[in-house]
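K.L.:
Below is one structure. I have some questions about it.
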Amino acid sequence: MTKEHFLQELAARLHQLSAEEQEKVVAYYSEMISDRVENGNSEEAVIQDLGAPETIAQQICADHDKAAETMPPQTFSPEAGGERCYAAADSVQKIVVSAQNVHVNVRSVPSGSVRVLFDPLPNDKVTVTENGGVFTFTQTMQFHLFSWFGLFRSHYGITLEIPESFSGDVCVSTCNARLTAEHLRQLKSTEFVTDNARIVMSGLECETLRVRTSNGKVELENCSGTVCTVKTNNARITALNCSFSEGVDFHTENASISADRIISDTVTLKTTNASINSDLLKAGTITLKTNNASINATVAGDARSYAIHSRTSNGQNNLPADWTFPGQTKQLSAETNNAHISVTFIPET
Amino acid sequence: MDIQRKKGVIEICVLAVLKRGPSYGYRIISDVSACIEISESTLYPILRRLETSGCVTTFSEEYNGRTRKYYRIEQPGIDKVRAFLDESEEMRKIYTFVEQVPDNEHPAEYVEEKTK
């Protein structure tokens, strides 16, 4: 196993720790491996000697549980009826909500504590834990009856309320049901995951925003932060008015991407068999890639400052194929086939 | 050695090593290994605890194009080493006492005789 692989495996198993703590662990092992390698050991031998990343992660997580004020997991087997409220302590730094077949809505409240509101059905099982600043709410369907019924309980959902004073990490996942979030400010790392359903985010302000679904569309509006990645397939991605200082990465398949008014250092829009449309991109590095469909974009800036690479076949292309000369600080790449490429530049305002 | 006890002892050894001056993970391990066996995975939680309890503080320095995290001992850490040494006098007495109790080859029978 290489060092990189080892550290990835390790990081992947530190879920329950805060992002800051995860970073510390990875930095520690990375430094240790480098030091031992520099002192004449082979990377492979060092990693072998350290032991399995699973075991190391387990020990570290167990140690955290012990060190923190531990609240025993509370399990509720709810009786019928009535919305319940599960609140977290004020010291919480990270919120993890995972659910199944239930839609989740995340919203901001002016004050109070982090709360989960949920009206469970008889076969739902709910577990709430709070360890070392991490509040975890897990809802599972006890018998895993995937029910078509589930699809019809649209009123039935989980609401996560986050007070404006909260500025930590948020991880929300569900499946077969939609995920929505609005007006959240000052968050650090956020992750929203579902399957077979759509994700709608509006007015989010967070350092990293990770959005992932499949067979469901993603809509982003008025979001900002440092890095944003969106991944789906067979459904389109729509983004409007988003600004991320370092990077925006949208990825889908068999569906179009439309990204209007996007500002970032690096913008990557990739799909297949569908078009990419972007009305106003402002970025240093722009990558637009699809096939069998057109690319239409408006870029803010001077065309001469972009090193341009473009390719298509069987279609018109208004960009030069390869155009570079010294002093260009920006890059634009546009690739498709069987369709046209049309990129226009407008002066930066 | 009992695992909890070993952890406590390593903690003191780490602090003792840091009394010489700030040091980083790999060097702490090599220094402490001279007296007690220690691995990376044992050291991590110990350093973390020392950091949260204020016994050590950390700072980073560039080295070979990467950052190295240094640990520096603080007053609570120095106090802890002091307390350990103060305790050692007491512990020595206890050891001497335990050693001096004469061996009885059949302690169980002795108790039975007394109760008769």
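K.L.:
Which of the residues belonging to segment A:9-64 are under 24 Å from B:GLN4 (Cα atoms) and of a type in the set (Val, Ile, Thr)?
P.N.:
A:VAL25, A:THR55, A:ILE56, A:ILE60
K.L.:
Looking at segment A:250-260 only, could you name the residues that are touching a Lys or Arg at 6+ places or on another chain (Cβ under 8 Å) and part of a strand (DSSP E or B)?
P.N.:
Within segment A:250-260, A:PHE250, A:HIS251, A:ILE257, A:SER258 qualify.
K.L.:
May I ask you to say which residue of A:LEU319, A:LEU269 is more than 29 Å from A:ARG212 (Cα to Cα) and surrounded by 17 or more Cβ atoms within 10 Å (Cβ to Cβ)? Steps first, please.
P.N.:
On the way: A:LEU269 fails: more than 29 Å from A:ARG212 (Cα to Cα).
The conditions single out A:LEU319.
K.L.:
Inspect segment B:44-53 for any residue being loosely packed, with under 14 Cβ neighbours inside 10 Å, within 14 Å of chain A (Cβ to nearest Cβ), of a type in the set (Ser, Thr, Tyr) and out of contact with any Cys (no Cβ under 6 Å at 6 or more places or on another chain) and give the result as yes or no.
P.N.:
Within segment B:44-53, one or more residues are loosely packed, with under 14 Cβ neighbours inside 10 Å, within 14 Å of chain A (Cβ to nearest Cβ), of a type in the set (Ser, Thr, Tyr) and out of contact with any Cys (no Cβ under 6 Å at 6 or more places or on another chain).
K.L.:
Filter segment A:1-58 down to residues that are more than 10 Å from every other protein chain (Cβ to nearest Cβ) and basic (Lys, Arg) and give me whichever is surrounded by the most Cβ atoms within 10 Å (Cβ to Cβ).
P.N.:
Per the criteria, the residue is A:ARG13.
K.L.:
Which of the residues spanning segment B:15-30 are within 14 Å of another protein chain (Cβ to nearest Cβ) and either under 11 Å from the mean Cα position of the chain (by Cα) or farther than 12 Å from B:LEU50 by Cβ (or both)?
P.N.:
B:SER23, B:TYR24, B:GLY25, B:TYR26, B:ARG27, B:ILE29, B:SER30
K.L.:
Still on this structure: Is it the case that B:ASP103 is surrounded by 11 or more Cβ atoms within 10 Å (Cβ to Cβ) and over 29 Å from A:VAL26 (Cα atoms)?
P.N.:
Judged against the criteria, B:ASP103 is not a match.
K.L.:
Another question, then. A:THR272 - would you say it is at pLDDT below 95, polar (S, T, N, Q) and more than 28 Å from A:THR312 (Cα to Cα)?
P.N.:
Criteria not met by A:THR272.
K.L.:
If you don't mind, another one. Looking only at segment A:221-229, decide whether some residue is over 27 Å from A:ALA293 (Cα atoms), part of a strand (DSSP E or B), free of Cβ contacts under 8 Å to residues at least 40 places away in the same chain and polar (S, T, N, Q).
P.N.:
The answer is yes, given that some residue of segment A:221-229 is over 27 Å from A:ALA293 (Cα atoms), part of a strand (DSSP E or B), free of Cβ contacts under 8 Å to residues at least 40 places away in the same chain and polar (S, T, N, Q).
K.L.:
Here's something else I'd like to know. Identify, by number, the condition in (1) away from chain A (no Cβ under 13 Å); (2) without any contact (Cβ under 8 Å) to a residue 60 or more places away in the chain that B:ILE38 doesn't meet.
P.N.:
B:ILE38 satisfies all of (1) away from chain A (no Cβ under 13 Å); (2) without any contact (Cβ under 8 Å) to a residue 60 or more places away in the chain except (1).
K.L.:
Then there is this: A:GLU182 - would you say it is within 14 Å of the chain's Cα centre (by Cα) and either within 17 Å of A:ILE95 (Cα to Cα) or buried (at least 18 other Cβ atoms within 10 Å of the Cβ) (or both)?
P.N.:
no
K.L.:
Now, a different point. For segment B:1-109, give me every one of the helices (runs of 4 or more DSSP H) that falls completely inside it and has 2 or more residues that are closer than 27 Å to A:PRO53 by Cα and not β-branched (Val, Ile, Thr).
P.N.:
In segment B:1-109, B:3-18, B:25-33, B:40-52 are the helices (runs of 4 or more DSSP H) which contain 2 or more residues that are closer than 27 Å to A:PRO53 by Cα and not β-branched (Val, Ile, Thr).
K.L.:
Give me a count of the residues in segment A:262-297 that are aliphatic (A, V, I, L, M), assigned to a strand (DSSP E or B) and within 22 Å of the chain's Cα centre (by Cα).
P.N.:
Total meeting the criteria: 8.
K.L.:
Also, I was wondering about something else. Would you check which residues across segment A:314-349 are part of a strand (DSSP E or B), closer than 19 Å to A:VAL267 by Cα and polar (S, T, N, Q) and list them?
P.N.:
A:GLN331, A:SER333, A:SER342, A:THR344
K.L.:
Which condition number in (1) closer than 23 Å to A:ARG236 by Cβ; (2) touching a residue at least 24 places away in the same chain (Cβ under 8 Å); (3) surrounded by fewer than 17 Cβ atoms within 10 Å (Cβ to Cβ); (4) not small (Gly, Ala, Ser) is the one that A:ILE346 fails?
P.N.:
(1)
K.L.:
Could you please give the count of residues in segment A:8-39 that are charged (D, E, K, R) and under 11 Å from A:CYS61 (Cα atoms)?
P.N.:
2
K.L.:
Residue under question is A:SER214, and the condition is that it be surrounded by 18 or more Cβ atoms within 10 Å (Cβ to Cβ) and farther than 24 Å from A:GLU21 by Cα; does it hold?
P.N.:
no
K.L.:
Counting just the residues of segment A:15-31 that are farther than 16 Å from A:VAL170 by Cβ and free of Cβ contacts under 8 Å to residues at least 12 places away in the same chain, which one comes out farthest from the chain's Cα centre (by Cα)?
P.N.:
A:GLU31
The values are calculated or read from the model by the stated rules, or taken from the named source; none is laboratory data. What you are looking at is a predicted structure, and each value in this text was computed from that prediction instead of being measured. Cβ sites come from the backbone with ideal geometry, for glycine too, and all protein chains shown count toward neighbours.
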